[in-house]
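Notes for the one structure printed next.
The values are calculated or read from the model by the stated rules, or taken from the named source; none is laboratory data. These figures come from a predicted structure and were not determined experimentally. No Cβ is skipped: glycine too gets one built from the backbone with ideal geometry, and neighbour counts run over all protein chains shown.
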Amino acid sequence: MGIVVTGATGNVGRPLVRVLAAAGERVTATSRGISGDDTPDGVRHRRADLAEPDSLRPVFDGATALFLQDGGAGAHLVDPRQVVDVARSAGIERVVLLSSQGVATRPRSVSHGGTGRSFEEAVRQSGADWTILRPGGFGSNAYAWADSVRTRRTVAAPFADVGLPVIDPADIAEVAAAALRDGGHAGRVHELTGPALSTPRQRAEAIADALGEPVRFVEQTRDEAREQMLRFMPGPVVETTLAILGAPTPAEQRISPDVARILGREPRAFADWARRHVAAFR
Ligand SMILES: NC(=O)c1ccc[n+]([C@@H]2O[C@H](COP(=O)([O-])OP(=O)(O)OC[C@H]3O[C@@H](n4cnc5c(N)ncnc54)[C@H](OP(=O)(O)O)[C@@H]3O)[C@@H](O)[C@H]2O)c1
């Protein structure tokens, strides 16, 4: 069975490619940019753009399973039905979609209720065996703090003491690998969270612990945070993100049992992510 991983250079795609390759799967990794130096031996990387579905045709050659993600900030440029049609006509029989918890918890938002739901619907209607992964916020969003920690040993973030059960992208990757390799996940929606609530202040402390040096925490106002986020996210996505970070619903603070049920172990804590990625903050 050949498996195509989209977003293969991203926070989830990179560990997913490693897990699948280590399990002996034939993997095609794809993204718009070039692959990194750490692509495992035997994995082929092909450049393709989800916004241009025809560029995907050669990527699917000989594959039967697809890990699909929406292209992040450019998701609104992608027509998920076209992507799924190209995949199906090339022989893809199983699709695992990286969606978002926000599709359920923020149905009226443009990004989750609009774009996110359109990906889910395209996959459900594809005729393939489908599995949908709905993670909450990623621990790797802390990369946004890397520059200020490296240069000033400072984290600036809003809503310092509001907890969310952020998930380690490596756990999402392991769940995705299970769903791609094992037909028992067909027709299932998995909700993926970390093992406990953590606040931005606690996550900054975990980075300080990993560094072995103090890190100052500066609480931003909502407006300061909005201004900063608008530099790299579209406006509607910023508003939904601020709403989740500042006033999460009970569903967004719930610890899901799904990672432990599927992997047979507890999800990784944020401190674990911080230790494994401390080089980005040195
Ligand atoms: N971050 C969160 O808190 C969060 C929460 C829930 C769900 N999600 C979802 O998780 C996914 C990954 O998020 P992330 O922050 O981890 O992203 P990321 O690390 O930036 O990874 C995105 C990957 O997609 C590729 N990509 C982007 N646009 C593409 C396009 N048009 N065609 C083909 N490949 C494209 C990127 O490589 P190139 O740029 O080289 O193409 C990269 O490999 C997103 O789809 C997001 O909606 C994220």
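Number of residues in the range 145-161 that are assigned to a helix (DSSP H, G or I) and of a type outside the set (Ser, Thr, Tyr) equals 6. Restricting the range 58-86 to residues that are under 17 Å from residue 16 (Cβ atoms), among the aliphatic types (A, V, I, L, M) and within 13 Å of the ligand (Cβ to nearest atom), the residue that is modelled with the lowest pLDDT is 59. The listed residues are 177, 156, and the only one of them that is closer than 30 Å to residue 263 by Cα and either at pLDDT 95 or above or of a type in the set (Val, Ile, Thr) (or both) turns out to be 177.
Just one of the listed residues (148, 126) is of a type in the set (S, T, N, Q) and without any contact (Cβ under 8 Å) to a residue 24 or more places away in the chain, namely 148. I'd like the full set of residues that are among the hydroxyl-bearing types (Ser, Thr, Tyr) and under 17 Å from residue 72 (Cα atoms), limited to the range 1-36. If the condition is that a residue be among the hydroxyl-bearing types (Ser, Thr, Tyr) and under 17 Å from residue 72 (Cα atoms), then 6, 9, 30, 31 are the ones that fit.
Which residues, counting only those in the range 263-275, are within 22 Å of residue 163 (Cα to Cα) and in contact with an Asp or Glu (Cβ under 9 Å, 6 or more places away or on another chain)? 267, 268, 269, 270, 271, 272, 273, 274, 275, listed by residue number.
Return the pairs, sorted by first residue and then second, in which the second residue is part of a helix (DSSP H, G or I) and within 13 Å of the ligand (Cβ to nearest atom), the first residue lies in the range 62-88 and is over 16 Å from residue 32 (Cα atoms) and basic (Lys, Arg), the beta carbons are less than 9 Å apart, and the residues are 6+ apart or on different chains. Pairs found: 81/118.
Applying the condition of being more than 18 Å from the chain's Cα centre (by Cα) and within 15 Å of the ligand (Cβ to nearest atom) to the range 1-34 and asking which residue is farthest from residue 176 (Cα to Cα) yields 34.
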